[in-house]
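**Q** Next up is a structure, given as structure tokens.
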Amino acid sequence: MRLLPACVLTLLLAALPAAAQQDFSKVEIKTTKLAEHVYMMEGAGGNLGLSVGDDATFLIDDQFAPLTDKINAAIAKVAKQPVKFIVNTHWHFDHTGGNENFGKAGTLIFAHENVRKRMSTEQFIAFLNAKQPPSPKPALPIVTFTDSVSFFLNGEEIRVTHVPRAHTDGDAIVHFTTSDVLHMGDTYFNGMYPFIDASSGGSLDGVIAAADKGLAIANDNTRIIPGHGPLSNRRELQAYRDMLADINTRMRKLVSDGRSADDIVAARVTAPYDEKYGKGFIKAEQFSKMLAAMMGAK
Ligand SMILES: [Zn+2]
């Protein structure tokens, strides 16, 4: 096995049997208040979004199964009620790993229809060379949508919008419309090159389009929760979008000129951005390889 960076390894290990999984006992859940009713929570895996209030407790994503008790304990500090609704931003196991626990406890899980489809059957993520078995029934979203769905809770509309073929083929971004908090799911890796899961129907064009969608929703005061990385804002999302668009244009040119995948990696198209984005779990060379393969370079 080639040496993989830590977080990709985390994803990879999560796909292996329980005995081989990482130790979650040290993980602490950090809760950040973003608006009167809305919080961001960080632990291990994808960032969570939380709405609390008199109506119901609403959660975006649920990380890994061994963290459910810690997540519930952190939620109980700010919420009067247990989680009634979960929206999964996409099917990946670092965002849906807690689904089975929550589903068994009676939480209603919502997601794009492709999330349920993928979680219902065995999946293979080529980039990680990892198989993921079908999820047990209580883990599956019980309500699916195609384009969008809105929740009217805790004094505001929470608008969930599908963004096609982005990080996967089942991504949703979630806007707390009055609190003005936007959760981008894994269409946005803040401060690092993103993993784009082509095996699950993802595409670079779709990630750029998802960023454009987020930019259209956000204003200068919007708090933006990325799928991974620290809390963000419109200015940073714009820079991320422009970085991806620039790399996309220049790399496609090399592909259409018939350059090989090795040539494209050697051309270091990402160089101007490596200092800022190349220190996350996908390093510059890996990112170039991933994109060159997605663009069909041989
Ligand atoms: Zn993901």
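The values are calculated or read from the model by the stated rules, or taken from the named source; none is laboratory data. Everything numeric here is computed off the predicted structure, so don't read it as measured data. When we count neighbours, we look across all protein chains shown, and the Cβ atoms used for this are built from the backbone with ideal geometry, even at glycine. Heavy atoms of the whole protein, side chains included, go into the accessibility calculation; ligands, DNA and RNA do not. Shrake-Rupley method; radii C 1.70, N 1.55, O 1.52, S 1.80 Å.
**Q** If you place +1 on the Cβ of every Lys and Arg, -1 on the Cβ of every Asp and Glu, and leave all else neutral, what size is the dipole of the chain about its Cα centre, to the nearest 20 Debye?
**A** Details: 31 positive and 33 negative charges, 97 e Å.
Magnitude of the dipole: close to 460 debye.
**Q** Using a 1.4 Å probe over the heavy atoms of the protein chains, calculate the carbon and sulfur portion of the accessible area of the chain as a whole percent.
**A** On the way: 6720 of 12750 Å².
The value for the chain is 53 percent carbon and sulfur by accessible area.
**Q** In the chain, if the dipole is taken from +1 on Lys/Arg beta carbons and -1 on Asp/Glu beta carbons about the Cα centre, which of Ala239, Phe127, Phe152 is farthest to the positive end?
**A** Looking along the dipole axis, the top candidate is Phe127.
**Q** Ala35 label point, 7 Å along Cα→Cβ, cut-off 17 Å on backbone N: hits in segment 128-158?
**A** It comes to 149-158, nothing else.
**Q** Set the Förster distance to 45 Å, then compute FRET efficiency between Leu108 and Ala239 from the Cβ-Cβ distance, nearest 0.05.
**A** Efficiency, rounded to the nearest 0.05: 0.75.
**Q** Considering only protein heavy atoms, what per residue accessible area in square angstrom results for the chain with a 1.4 angstrom probe?
**A** Value returned for the chain: 43 Å² of accessible area per residue.
**Q** Give the range of the longest stretch in the chain that excludes all GluC sites (Glu not before Pro) found in loop regions by DSSP and having at most 14 other beta-carbon atoms within 10 Å.
**A** 123-298
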